[in-house]
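Quick notes on the structure that follows.
The values are calculated or read from the model by the stated rules, or taken from the named source; none is laboratory data. Please read all numbers here as calculations on a predicted model, not as lab measurements. Here the Cβ positions follow ideal geometry from the backbone for every residue, glycine too, while neighbour counts run over all protein chains shown.
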Amino acid sequence: MCLSSAEEERKGLYLGLNRRRLGNSVYQVKDQLQISIEHMPVGYILWDKEFCVLEWNYAAERIFGFKKSEVMGKYGPDLIVPKEVRKQVGEVMQALRQGKQASYAEKNLRHNLFLWPNMIR
């Protein structure tokens, strides 16, 4: 069935409004997720495939003693992993680069015990 030009125009306006509403919803969900990550009680660190810090929440600041502004873009393991276990952690990181799941538990540089579950996709 063909639509008249007026019907096509109404349909176009309707689709445009729905897309705008959807766009706003996506931004709202993104903002809510960001706020949740920033304020969750568990340390959250997001890093790239080279393990440079992309995100660092308030709990990570408390756990590791570095402000977000101090760690952004830096090589994460040097900030939080004691030198004496960096070889073992490096092996975990290599496994992650190969697409495997790996984890490691150790005391960090502030002597807080932490479990380090990770996955790279």
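What the table below lists for this structure:
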item	result
Residue count for the stretch 44-53, restricted to those that are surrounded by 13 or more Cβ atoms within 10 Å (Cβ to Cβ) and aliphatic (A, V, I, L, M)	2
Residue satisfying all of: in the stretch 61-71; under 19 Å from I35 (Cβ atoms) and out of contact with any helix residue (DSSP H, G or I) (no Cβ under 8 Å at 6 or more places or on another chain); surrounded by the most Cβ atoms within 10 Å (Cβ to Cβ) among these	R62
The stretch 72-81 - residue that is surrounded by 14 or more Cβ atoms within 10 Å (Cβ to Cβ) and part of a loop (DSSP other than H, G, I, E, B) and, of those, nearest to the chain's Cα centre (by Cα)	K74
Check on Y104, surrounded by 11 or more Cβ atoms within 10 Å (Cβ to Cβ), at pLDDT below 85 and of a type in the set (S, T, Y)	yes
Odd one out for V92, checked against (1) assigned to a loop (DSSP other than H, G, I, E, B); (2) under 17 Å from K49 (Cβ atoms); (3) at pLDDT below 85	(1)
Test: residue in the stretch 23-32 that is at pLDDT 90 or above and under 14 Å from the mean Cα position of the chain (by Cα)	no
